[in-house]
1. Just to verify a result, which residue in the range A:307-330, among those that are surrounded by fewer than 24 Cβ atoms within 10 Å (Cβ to Cβ), touching a strand residue (DSSP E or B) at 6+ places or on another chain (Cβ under 8 Å) and at the interface with chain B (Cβ under 8 Å from one of its Cβ atoms), is nearest to residue B:3 (Cα to Cα)?
2. Of (1) surrounded by 22 or more Cβ atoms within 10 Å (Cβ to Cβ); (2) facing chain B (nearest Cβ under 7 Å), residue A:288 satisfies all except one. Which?
3. If you go through the range B:304-360 one residue at a time, how many are away from every other protein chain (no Cβ under 14 Å) and within 27 Å of the chain's Cα centre (by Cα)?
4. Within the range A:193-202, does at least one residue satisfy the condition of being in contact with a strand residue (DSSP E or B) (Cβ under 9 Å, 6 or more places away or on another chain) and outside any helix (DSSP H, G or I)?
5. Residues that are buried (at least 20 other Cβ atoms within 10 Å of the Cβ), touching a helix residue (DSSP H, G or I) at 6+ places or on another chain (Cβ under 6 Å) and more than 14 Å from chain A (Cβ to nearest Cβ): does the range B:178-201 have at least one?
6. If we keep just the residues of the range A:291-301 that are closer than 14 Å to residue B:495 by Cβ and either buried (at least 24 other Cβ atoms within 10 Å of the Cβ) or free of Cβ contacts under 8 Å to residues at least 40 places away in the same chain (or both), which is nearest to the other protein chains (Cβ to nearest Cβ)?
7. At least 2 residues that are within 12 Å of chain A (Cβ to nearest Cβ), surrounded by 15 or more Cβ atoms within 10 Å (Cβ to Cβ) and under 53 Å from the mean Cα position of the chain (by Cα) in each: list the helices (runs of 4 or more DSSP H) lying fully within the range B:1-99 that qualify.
8. Say whether the condition of being within 14 Å of chain A (Cβ to nearest Cβ) and at pLDDT 75 or above is met by at least one residue in the range B:271-281.
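The values are calculated or read from the model by the stated rules, or taken from the named source; none is laboratory data. What you see is a predicted model; the values in this text were computed from it and never measured. Note that we place each Cβ from the backbone using ideal geometry, even for glycine, and neighbour counts take in every protein chain shown.
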């Protein structure tokens, strides 16, 4: 296994930053990341160690996670708000906030941002309907509503929401057949099933929807290769599989999944370089370190891939100079892939990265605090 | 950024990017103003047009356009005008897709326009042809294609031909193979002539996909299609059942001192409150109840039995069904044989999760007797420690009752009286496929060739065993299959554990389906040094490098199971072994308590050894969502309060998974040493949680 070649300590910087996380990425071939479940409320432990001024990173022989640089990268991304890319991504800034903040939390640096600046901005994205837009002034949509809930969960601030208002907005989007629309314009997709179920679970309002019908719809999107598509008949895709398996996990319905069949399909996503692709005969991409890995973990088949090769692939995608992680080695980095790279390492139990929950996509301590409590 | 090389931009590029950014920002600002003021003038709409063509992912602009269209069409009856408005939308979408044809917003906008009854199938199919030629794997385009064919009622046969054309054009198109499988199952389900029954198309399809596989075995496009065909070929619309007691068995229900007793601790608080009957189906079923299953026993008049699924998940479907007959030893005459019968009539009542009805007559008979004199109930048993050491296990003697049991379980599935004729054709199809893959492997080494051959041989075996009365057990293909998996482990190390798991399942099948080899693992546990002289029907599968367990349908009789020194990570399926009293899982790879979830269902379990595993060593729990928990909403939010069990001084949240597995358990002996989670605090917690426990590791408690 890993050999710890050396370890060193980093002085925690006090970073007073005007943090308006600007997301920056075009969606992969993947269904645009259903805002992965944000981690809720932070790890007290790492906060304490931050306060103490020290944070320990273990480095492994094959290369190391440039945690400090990634933190810096995330914190500086927002400053570049005037270049073309940042403007293009302005409409999904709330997703970006989730990606950036969750990554910081996984690296034990959530304290580097001032929640008194982030939270008011998040709340300004909310509409009268209860839903959230991707940024101030943008229309409400489930995609951003989950991100908002997740960001608040990271800061242990879900209670500032008018929970009934938000959950009613989500519940109204369920259709007669159990499926969910993303917003009032009626686009249907199992991504939205996941988002609705995950959001309502975090808000403890799953009783507002017909869970059995929601599950039935997801199962109707199951394919003959064991995977899931966006609508019935849609081709299996790792991102979509995460959404469906995640929704089934949260509703205690994983018995609908053919674990061996799906597990074989998923483990064959690993290509020679060690990276994972999202569909057969496609290129590997760091973002699948999240979609594929989390799905494999939820169905307990993650041992079917070579974890060390995947760790190496993710580490090879780091920009070791300026921080950030890209889709493939030597490509341009962005916050989306930085999140998925770090989250992937977390699922691979990389030393120094907090554990993330595969279904809610929030740090395990946050999820446990919400559902198991003290 | 996807596919964009990493490099620092030049100052000119920075400037250029900033200028473009400023321009786009101005446009967005203008748009937001129009949107918020509900302005739908030509000028305002033009701004949104520019915006979506520049950035098709800007979803609010698509919403705005829908509002604008609705505004423009309010009270409109002029069909030319309506057409021109909608045509403009289609034009804008097409332009937007040219700049990004993965834009969710653009594709949805087009669907929205079409749902208004606009455009034509020809026009849309033409557009799709263009896009699918440029990117044959674009799943948005394929989804849109399915939307159009449904909207325009294009027959599935026609779409099937389209997939044929796409595949002939380039077989490396997983999307086309996927769509083909969907269309064929649709045609099959609708029983369309030429596609029903499935045997009419199977042969041709095998040939089609074989061409792809043999052209480039490393290309995955056809892999999953072939597996799907194989699954279709093997799938017999029939359910099988295994039972305890097995047909023809004689059970001594009473004497704990007698060897070969297969019963349960009668009357004991921890065991069954009666005589257990277990039905184990090869698929999860519902509908097992006193009207679908008839039970007649001479020692009880109780016929209104309650059948309980094990485990009860949200669906209600379960492979294992369990009931208990009223049973009182003192009312039974010593040495008399009481007969019992269990039968399942041909009824529509028992249905599997895949919709198959139970359709084979099922009938078992068994005998029950008590020895004379009827001994007293066991007392004080709990205080005796069970030792898993070899000297307590005695080889099963020939002609013993245990041997009889083993025999009866070995005959499972091969005693079908109705020959499934349709199967013969499928057996032939698979045999032919086997010879093709042998040819391929003779020419080249390839992983998919070996894996497919292994699967074909398994399928051939499974089908033959159900369709041939004279199924010859000596021709079992297991040895060859095991060699194939061994080769695969060497050829494809990243997936070694997948092959290992498959290997374990085949290996168990080989070892357990043959009487002689099964007997090598069967023992009688007898601790002669203990005054109680306890005895258990035992199976020792220790030290076999097993990473998975299977063949549970043959193991329903086991009371004591030794799985130590293997590589197990989970015990999925073990919950069916309802007679288990003692279980040794020591020295495996269990990494969390949630991986022991099946233990919740084993109400007779008293002795458990989980020492020297990895519990507590891993931050990521891979069974977290496969067990009952508040995270998966499989228990209510009051799970702690109702079950405090005098644990007020222990923080249950820390050990919630252990709590969930062990609460209500009747363990008398637990070995847990050698797991990172173990410390004094946890030991204290366990003692509180398990009041019946007498032995925790080597320490005697209470």
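1. A:330
2. (2)
3. 17
4. Checked against the condition, which is being in contact with a strand residue (DSSP E or B) (Cβ under 9 Å, 6 or more places away or on another chain) and outside any helix (DSSP H, G or I), the range A:193-202 yields no hits at all.
5. Within the range B:178-201 (the criterion being buried (at least 20 other Cβ atoms within 10 Å of the Cβ), touching a helix residue (DSSP H, G or I) at 6+ places or on another chain (Cβ under 6 Å) and more than 14 Å from chain A (Cβ to nearest Cβ)), the answer is yes, since at least one residue qualifies.
6. A:296
7. Result: B:11-36, B:42-54, B:59-73.
8. Within the range B:271-281, the first condition is being within 14 Å of chain A (Cβ to nearest Cβ), and the residues that meet it are none.
Scanning the range B:271-281, I find no residue that is within 14 Å of chain A (Cβ to nearest Cβ) and at pLDDT 75 or above, so the answer is no.
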